[in-house]
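Right, one structure below, let's go through it.
The values are calculated or read from the model by the stated rules, or taken from the named source; none is laboratory data. This one's a predicted model, so the numbers in the text were calculated from it and none came from an experiment. No Cβ is skipped: glycine too gets one built from the backbone with ideal geometry, and neighbour counts run over all protein chains shown.
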Amino acid sequence: MSPIGRHSAETDRLREPTVWRVDLTLDEGGRRACLAILSEDERARAARFLRLEDRDRYAASHAALRRILGCTLGTDPALLRFRSGPAGKPELEAPWRDRLAFNLSHSGKIGLIGLSPTARIGVDVELMRSMPDCLSLARSHFARPETAALEALPATERLAAFYACWTRKEAFIKALGSGLSFALDRFVVTVPPKPPALVSIDGSPGAASAWTLQHLDLGAGHVGAVAIEAQGAACLLRSLSEGWASRQE
């Protein structure tokens, strides 16, 4: 059976943006299986983490990325090679280069892997924690309309709205692949209770209209978002089947 379970055939015929939700919790068998398909460089990076939880999060998220990409592209996940784009965003190396856009994010026990057959895609997930200074952070990094929207909310709704705004902005930045060179206050996203949308980029609503933002309902105290460079795009949310890490091809 495929490591991504009953959805493997649908993944092989990827025709629309898809985000996979991944449980990053590993037992000993899953840990060995994940490390086995990573590259030597990836295993070395995993080993540099001091905490087992951090090593598992890295190994599981990157192994899941390889398995999903391998199934989608019809190749052995261990053979996939990656390169860094101009701003450091990972890309597939030849012969798979330019065949598929992807992005990875993880926080807590959840990972997200976004795939798109054509358009650029970015995903972000955050484990919600208490953050009494969320307004201060917003004032320092967000665009003024976003901060004003957060300030207008009741205090009981502000933290969830802050995380929703944050993940929407991070997903867009990650889709661009521009890293820290694109400041968070150069573009505006909606803030709950408004539905997710990109409002403007460098003051231009027209540029923003080429993008779709979508909230991801992840449960377990996590919040997530996906950004796709396509107007009115629909994105599927799926999950790797239980026991994915230990399951063999």
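The table that follows gives values for the structure above.
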read-out	value
Of the criteria (1) surrounded by 12 or more Cβ atoms within 10 Å (Cβ to Cβ); (2) within 28 Å of A63 (Cβ to Cβ); (3) of a type in the set (G, A, S), which one A208 fails	(2)
Filtered residue count, the range 146-177, keeping only those that are loosely packed, with under 15 Cβ neighbours inside 10 Å and touching a strand residue (DSSP E or B) at 6+ places or on another chain (Cβ under 8 Å)	1
Top-ranked residue of the range 102-127 - restricted to ones that are not in a strand (DSSP E or B) and not hydrophobic (A, V, I, L, M, F, W, C), ranked as surrounded by the most Cβ atoms within 10 Å (Cβ to Cβ)	R120
Tally of residues being assigned to a strand (DSSP E or B) and surrounded by fewer than 21 Cβ atoms within 10 Å (Cβ to Cβ) across the range 52-101	6
Yes/no for G219 being touching a helix residue (DSSP H, G or I) at 6+ places or on another chain (Cβ under 6 Å) and within 27 Å of T25 (Cα to Cα)	no
Within the range 213-249, considering residues that are closer than 17 Å to R15 by Cα and loosely packed, with under 12 Cβ neighbours inside 10 Å, the one nearest to the chain's Cα centre (by Cα)	A234
Among the residues listed as L180, L150, L159, L137, the single one being modelled with pLDDT under 95 and assigned to a helix (DSSP H, G or I)	L180
Pair list, Cβ < 8 Å and 6+ apart or interchain, from the range 47-72 residues that are touching a residue at least 60 places away in the same chain (Cβ under 8 Å) to residues that are polar (S, T, N, Q) and in a helix (DSSP H, G or I)	I68/T11; C71/S8; C71/T11; T72/T11
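Every residue, every condition in (1) of a type in the set (A, V, I, L, M, F, W, C); (2) free of Cβ contacts under 8 Å to residues at least 40 places away in the same chain; (3) part of a strand (DSSP E or B), yes or no:
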residue: A164; (1), (2), (3): yes, no, no
residue: R168; (1), (2), (3): no, no, no
residue: P195; (1), (2), (3): no, yes, no
residue: A225; (1), (2), (3): yes, no, yes
